[in-house]
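Read-outs: derived from the displayed coordinates by stated rules, not from any lab. Source: prediction; values computed, not measured. When we count neighbours, we look across all protein chains shown, and the Cβ atoms used for this are built from the backbone with ideal geometry, even at glycine.
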Amino acid sequence: MSRTPPTYQPDGHKDLTRTRATQTGFIAVLLWSFLALLTVGSAPVPPFQLTAICFAIGGAIGLIWSAATGELPRLRQVGWRVYAFGTAGLFGYHFLYFSALRMAPAAEAGLIAYLWPLIIVLFSGLLPGETLRGGHILGAVLGFSGAALIIMNGANGFSGSALSGYGLAVLCAVTWAGYSVLSRRLGEIPTSSVAIFCLATAMLSFIAHESFETTIWPNSLTGWSSVIALGLGPVGLAFYVWDIGIKHGDIQLLGVASYAAPLLSTLALVLAGFANPGWSLLISALLITGGATLAAHASTHNL
């Protein structure tokens, strides 16, 4: 079955446009690779407070960009259901993720939550005009295996007493995968609408912070710089470029390539002196690279 051409055609060249959209989506993966490093730098700010600050920054930047490009009038035309959907995706993922970490060991919960790229690949086969091929599935499995080596390094194994936390981690993965795949059906909705998603997520995160946490502000220039950088990049621009990629690019390839984020994140921590390199890192790199290559081959050669 042939793919339906994407609706996003700024230059009239469908294949090139799809490639550019996919490349734009890759930027999100690169930005997310700095998430761990900047989060370490933002300590001791609690997670929901950090999420509220960062999404407020990301949303404000989106509004400024929308005003500068004349997109603001289009935002008024977007229905409330779309804004509710986007907010549920962004806030729902983060709320479930942090809640899972509170109720289960971090490494194990993180690994389960990172099933979302694999779920994206599987769910994408249900989209009109998309074909799920064996190469996509195998590539996603290889990528997940590589990510598992990194995430589970030093973990103590799964515990029966943490089943509720693991359940929340599964919901977390399904939430982000569902948001990403269903966004494909909203190709006509402007990416600038992500600014409203971010601001609403910031507000809900602030409410969660007030309910569950004690306010702690950054206590150094490094801390403030890390928080601002998070809001500008991994918890800001990343969601805008991801929106372009999943709406108009190769969603299966983006799903598999997302497993590069934990690998690049670990490399960033190694270079910054917060982690030590090892053989598992090399093996992970080979598995993730091989999985992405296989998925790309499946997309271009219909395998």
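Please report SER33, SER145 as a ranked list, fewest other C-beta atoms within 10 angstrom at the top and most at the bottom.
Details: SER33 21, SER145 16.
Listing SER33, SER145 from fewest to most nearby Cβ atoms yields SER145, SER33.
How much length, in nm to one decimal, is gained on full extension between ILE207 and HIS297, taken as 0.36 nm per residue of separation minus their Cα-Cα distance?
On the way: separation 90, 0.36 × 90 = 32.40 nm, distance 4.52 nm.
Length difference between fully extended and current span is 27.9 nm.
Over the Cα atoms of region 63-130, each weighted equally, I'd like the Debye log10 I(q)/I(0) at q = 0.23, 0.25, 0.27, 0.28 Å⁻¹, rounded to two decimals.
For the requested q values the scattering log ratios are -0.99, -1.04, -1.09, -1.12.
Given contacts defined as C-alpha pairs under 8 Å and at least six residues apart, what's the relative contact order of region 36-301, whole-number percent? Write out the running numbers ahead of the final one.
Values: 391 pairs, mean separation 105.4, N = 266.
Over region 36-301, the number comes to 40 percent.
Run a plain Debye calculation on region 183-303 (Cα atoms as equal point scatterers, no solvent) and give log10 I(q)/I(0) at q = 0.11, 0.14, 0.17, 0.23 Å⁻¹, rounded to two decimals, same order as the q list.
So the normalised log intensities work out to -0.59, -0.90, -1.12, -1.24.
If you keep only loop residues by DSSP, which GluC sites (Glu not before Pro) in region 126-211 have at most 10 other Cβ atoms within 10 Å of their Cβ? Mind showing how you got there, number by number?
Details: sites: GLU130, GLU188, GLU210; in loops: GLU130, GLU188.
Sites meeting the loop and neighbour criteria: GLU188.
Using label points projected 7 Å from each Cα along Cα→Cβ, tell me how many nm separate VAL141 and ALA43, to one decimal.
Label at VAL141, label at ALA43, 3.8 nm between them.
Any idea how far apart VAL82 and LEU163 come out in nm if each label point goes 7 Å out from Cα toward Cβ?
4.2 nm
At 10 °C and 1.306 mPa s, what whole-number value in µm²/s does Stokes-Einstein give for the translational diffusion of the chain, with Rh from the Kirkwood sum over Cα pairs?
81 µm²/s
Quick check on the exposure proxy: order TRP80, TRP116, TRP176 from fewest to most C-beta atoms within 10 angstrom. Provide the component values of the computation, followed by the final result.
Numbers: TRP80 8, TRP116 22, TRP176 25.
Ranked by crowding around the Cβ, least crowded first: TRP80, TRP116, TRP176.
Would you calculate, for the chain, the mean residue ellipticity at 222 nm contributed by helices, counting each DSSP H stretch of 4 or more residues as -39,500 (n - 2.57) and dividing by all residues, to the nearest 500?
Values: 15 runs with 217 residues, N = 303.
Helices in the chain give a 222 nm mean residue ellipticity of -23500 deg cm²/dmol.
Using each residue's phi in region 131-143, evaluate 6.51 cos²θ - 1.76 cosθ + 1.60 at θ = phi - 60° and report the 3J(HN,Hα) Karplus result to the nearest Hz, with x for Gly and Pro.
With coefficients 6.51, -1.76 and 1.60, one gets 10, 8, 10, x, x, 5, 5, 5, x, 5, 5, 5, x Hz.
Going by how many other beta carbons lie within 10 Å of each one, how would you line up ARG81, ARG133, fewest first?
Values: ARG81 8, ARG133 18.
The order, fewest Cβ neighbours first, is ARG81, ARG133.
Connecting C-alpha atoms closer than 10 Å in a GNM of the chain, tell me which of SER192, SER164, SER42 has the biggest fluctuation.
Maximum among the listed residues: SER164.
Output wanted: per-residue J couplings in Hz (rounded whole) for region 245-251, from phi through Karplus 6.51 cos²θ - 1.76 cosθ + 1.60, θ = phi - 60°, x for Gly and Pro.
Ordered by residue, 3J(HN,Hα) equals x, 6, 7, 10, x, 7, 5 Hz.
How many nm is it between the label spots at ASN276 and TRP217, if each spot is 7 Å from the Cα in line with the beta carbon?
3.9 nm
Quick one: Debye curve from the C-alpha atoms of region 105-211, no solvent, what's log10 I(q)/I(0) at q = 0.12, 0.19, 0.23 Å⁻¹?
The Debye formula, applied to the Cα set alone, gives -0.57, -1.11, -1.20.
Computed FRET efficiency, Cβ-Cβ of THR131 and ILE64, R0 35 Å: what is it to the nearest 0.05? Numbers along the way, then the final one.
Working: r = 39 Å, r/R0 = 1.13.
Here the calculated transfer efficiency is 0.35.
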